[in-house]
Amino acid sequence: SVIIPEGVKTIGSQFCARCSALQFLSLPSTLISIGPGLIWGVNWVTTILCYAITPPTVNSSLNGNPVAIYVPDGSIDEYKSASVWSSHSSIIKPMSEYAG
């Protein structure tokens, strides 16, 4: 598990790349941008929680194969239509459904 603390605004490229055991990633509400390849080479991440109300910009792609991305309930449509996030629209879910 990786939990990025509140206050972080930017995550650099390939931050969690090749973290082969990564299964859970929590992104803070303060996040504004994510570098390319956030989870590149990670095939087992099951859950990403993104608390940012406005979808952070993503340079390139998230990569990896997340099973579910949970976002603030009121931001579902915004995430599903945002650049890069939209390619994961089928797995974007409201935070209220997260049972972790």
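In table form, for the structure just shown:
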| item | result |
| --- | --- |
| Meets criteria (within 11 Å of the chain's Cα centre (by Cα), surrounded by 12 or more Cβ atoms within 10 Å (Cβ to Cβ), at pLDDT 95 or above and not charged (D, E, K, R)) for Ala52 | yes |
| Residue ID - least open to solvent (accessible area, probe 1.4 Å), chosen from residues in segment 55-91 that are in contact (Cβ under 8 Å) with a residue 24 or more places away in the chain and among the hydroxyl-bearing types (Ser, Thr, Tyr) | Tyr79 |
| Selection from segment 8-32 of residues that are loosely packed, with under 12 Cβ neighbours inside 10 Å and more than 14 Å from Pro56 (Cβ to Cβ) | Arg18, Ser20, Ala21 |
| Which listed residue is free of Cβ contacts under 8 Å to residues at least 12 places away in the same chain and either touching a Cys at 6+ places or on another chain (Cβ under 8 Å) or part of a loop (DSSP other than H, G, I, E, B) (or both), from Ala52, Ala99 | Ala99 |
| Residue in segment 80-94 that is closer than 15 Å to Ser1 by Cα and part of a loop (DSSP other than H, G, I, E, B) present | no |
| Residue match in segment 62-70 (condition: modelled with pLDDT of 90 or more and closer than 18 Å to Gln14 by Cβ) | no |
| Identity of the residue in segment 33-49, within 24 Å of Ala99 (Cβ to Cβ) and among the hydroxyl-bearing types (Ser, Thr, Tyr), that ends up surrounded by the most Cβ atoms within 10 Å (Cβ to Cβ) | Thr47 |
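The values are calculated or read from the model by the stated rules, or taken from the named source; none is laboratory data. Small disclaimer: the values here were computed from a predicted structure and weren't measured. Cβ atoms come from the backbone with ideal geometry, glycine included; neighbour counts cover every protein chain shown. Protein only, heavy atoms only, side chains kept; ligands, DNA and RNA dropped before computing areas. Shrake-Rupley method; radii C 1.70, N 1.55, O 1.52, S 1.80 Å.
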